[in-house]
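The values are calculated or read from the model by the stated rules, or taken from the named source; none is laboratory data. This is a predicted model, so every value here is computed, not measured. When we count neighbours, we look across all protein chains shown, and the Cβ atoms used for this are built from the backbone with ideal geometry, even at glycine.
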Amino acid sequence: MKTTRVAALVAVLLAAPLAVNVHANPAVNWNAVVADNIEYYTQTDKAVYVLGDNVDILHRVTNLRDEEITFEFANLQDYMYFEVSQVGSLIWAYPSGPVNPAVWDLTLQAGDNAEGSLVWEMVDGQGSPVAPGVYDVSAVLQGTGKDGTDPLSVSVSIQIVPEPASVTLVLLGGVGLVAVSRHRRR
C-alpha cells in the first residue's frame, strides 16, 4: 500500500512540470528571409501547442526597396497560400479548392507591406484531427513580380503535444500497473 502511494506521488510530481511548461510558451515563433530587397516573414503565435489549440499563422511581405514593386496574380482567391506538412507530406493547405481565374495586381510602395493571416484548427485536409508531433507551417505570396521576382515560401516548425491531463492519466495508469504487478508478485 505504501509503495502505491509513493508511486502515485512520483507520477503526479513528474506530470506537473509538463502541465506548467506547455502553457508557459508565449513567445511568437517566426522566420524571415530577405531576397531581392523583399522580406518574406512567417510566424505562428507560439512554438508549442496543446492538441486541440488553434494555430494563428501570419505571413507578411515587405518591400525593402527604394522603389515600388508590383506582384501579379492569376486568381481572385486569397493571395497568400498557407500549408502545414509533416515529414514532407502535405497535411493541410489553404486555399485548397479551385480558384477564380482573373488577373490582378498588388503594388507595394517602398517600405510598404502586405500580410495575410488565418487560423489552423489542427485538422488535416479531410477535417480529421491531427496527431501530436512536429509540423512545418509555410506561407507564400501567390503572385509573381512583374520584374520577374518570385516570392519565397517561408516556414516555421511547431510542436503539438498531448493534453497535460492525458499525459498525467497515462503516467498514473503506468504507475498503477507497476504497483499491481509488484503486489501480485508477493
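Quick notes on this structure:
- Just so you know, in region 108-138 the residues that are within 17 Å of F71 (Cα to Cα) and either at pLDDT 95 or above or among the acidic types (D, E) (or both) include one that is surrounded by the most Cβ atoms within 10 Å (Cβ to Cβ), and it is L108.
- Count of region 24-53 residues, restricted to those that are under 15 Å from I160 (Cα atoms), without any contact (Cβ under 8 Å) to a residue 60 or more places away in the chain and among the polar types (S, T, N, Q), is 1.
- For L9, the conditions (1) outside any loop (DSSP other than H, G, I, E, B); (2) modelled with pLDDT of 95 or more all hold with the exception of (2).
- Entry remark, region 122-152: residues being under 30 Å from L106 (Cα atoms), under 13 Å from the mean Cα position of the chain (by Cα) and touching a residue at least 60 places away in the same chain (Cβ under 8 Å) number 3 in total.
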